[in-house]
Structures are given as C-alpha cells and as structure tokens.
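Read-outs: derived from the displayed coordinates by stated rules, not from any lab. Predicted model only: the values in this text are computed from it and were never measured. Here the Cβ positions follow ideal geometry from the backbone for every residue, glycine too, while neighbour counts run over all protein chains shown.
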Amino acid sequence: MPTLADITSDFAVLDDWEDRYRYLIELGRALPPFPEALRTDANKVRGCASQVWLATSARTTDGTSTFSILADSDAHIVRGLIAILLAIYDSHSIDEVLQIDPDAVFSELGLKEHLTPQRSNGLASMVARVRADAAMMRAQNAGA
C-alpha cells in the first residue's frame with residue numbers, strides 16, 4: 001500500500017479529477033484482501049450509501065501497540081477512500097490515531113470539494129468508526 005506522502009504526491013501531479021478518480025480506483029484495487037469471515041453486521045459501517053466493512057485491531061510489536069485496519073467496500077471509489085484511510089491511520093499508535101485530523105488531508109487532496117454528499121457522509125462515517133474503535137481500545141488498555 002502506498003504511504004500518505006505517495007498518495008499526496010500522486011494527487012498533486014494529476015490535474016484532472018477524472019484522473020484522480022481513476023487513481024482512487026487503482027488505490028482501492030491494491031487493498032489487502034478482506035477475509036469473508038469479517039463481513040459481518042458488526043463490522044458494517046453505518047451511514048455509507050455503499051456497503052463498507054471495517055475491522056480494527058491493536059497489534060503489539062516489540063512492546064509497542066499499533067492500530068490496524070482491514071476494510072472493504074462494494075464500490076470502487078469508496079475502496080480508494082478506504083486506501084487513503086489506511087494510509088492515514090494504519091500502523092499508528094492508538095493515541096496517534098485519536099490525535100490525527102483527517103480533514104486536513106482530505107482538504108489537501110481536494111476530496112471535500114469533489115466527492116458527492118453521499119460519499120462525503122460515508123467517509124465521515126468511516127472516520128467516526130475508526131476513531132470510536134481507537135477510543136474503545138484506549139479505554140480497554142487503560143482498564144487493563
């Protein structure tokens with residue numbers, strides 16, 4: 001998966017929004033496979049016009065806990081938006097996930113002006129779900 005810096009750089013050289021949409025679709029095609037067992041009602045993101053499944057977990061590597069996301073959608077452009085979310089949030093600490101302001105990234109990429117209201121609402125729902133899951137993980141870690 002490309003990094004957020006790669007995505008931002010690639011968006012900057014694409015002048016036309018048709019090209020940017022094609023690039024979003026390419027990003028979506030590169031998503032890691034989403035296990036069929038995770039396509040559950042509990043992992044479904046509410047507020048999205050298309051079907052979106054999002055599963056989060058905390059991975060501990062060398063004593064450091066990092067946030068992990070697996071997600072998928074039945075819509076090509078939404079899969080590309082998921083790839084951007086992965087670039088923003090995946091492999092960060094839970095505290096970092098809660099501090100990241102994705103709106104700055106979305107503005108820089110021009111997504112706010114070029115997404116339909118339905119896709120914007122769906123993207124906001126995905127961000128809210130990521131943040132809620134991270135907040136729950138932090139609370140569970142604090143109680144452990």
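Along the range 42-58, what does the Karplus equation 6.51 cos²θ - 1.76 cosθ + 1.60 (θ = phi - 60°) give for ³J(HN,Hα), rounded to whole Hz, x for Gly and Pro?
Calculated HN-Hα couplings, in order: 5, 8, 6, 8, 7, x, 9, 5, 8, 7, 9, 10, 9, 10, 10, 7, 10 Hz.
Among 104, 124, 30, determine the one that fluctuates most according to a GNM of the chain built with springs between C-alpha atoms less than 10 Å apart.
Between 104, 124, 30, it is 104 that shows the largest mean-square fluctuation.
If amide hydrogens are placed 1.01 Å from N in the peptide plane, which non-local residues have theirs closer than 5 Å to the one on residue 91?
Hits under the 5 Å cutoff: 67, 68, 69.
Taking a quarter of the surface of the Cα convex hull of the chain, what do you get in nm²?
Projected over every direction and averaged, the Cα hull of the chain covers 8.7 nm².
Based on Cβ point charges of +1 for Lys and Arg and -1 for Asp and Glu, what charge dipole magnitude is obtained for the chain about its Cα centre, in debye rounded to the nearest 20?
Its charge dipole is roughly 580 debye.
Enumerate the calculated ³J(HN,Hα) couplings along the range 71-88 in order (Karplus 6.51 cos²θ - 1.76 cosθ + 1.60, θ = phi - 60°), each rounded to whole Hz, writing x wherever the residue is Gly or Pro.
Result, rounded to whole Hz: 8, 7, 8, 8, 10, 4, 5, 5, 4, x, 5, 4, 4, 5, 4, 4, 5, 6.
What residue among 76, 114, 92 has the largest mean-square fluctuation in a Gaussian network model of the chain, using Cα springs under 10 Å?
Taking springs between Cα atoms under 10 Å, the residue moving most is 114.
Magnitude of the Cβ-charge dipole of the range 79-137, K/R +1 and D/E -1, about the Cα centre, nearest 20 debye?
In total the dipole reaches around 320 debye.
Name the residue from 13, 100, 43 whose Cα lies farthest towards the positive end of the charge dipole of the chain, charges +1 on Cβ of Lys and Arg and -1 on Cβ of Asp and Glu.
43
Which whole-number percent of Cα pairs in the range 14-98 have a distance greater than 17 Å?
53
Enter the per residue convex hull volume of the range 1-57, computed from alpha-carbon coordinates, in Å³ rounded to the nearest integer.
116
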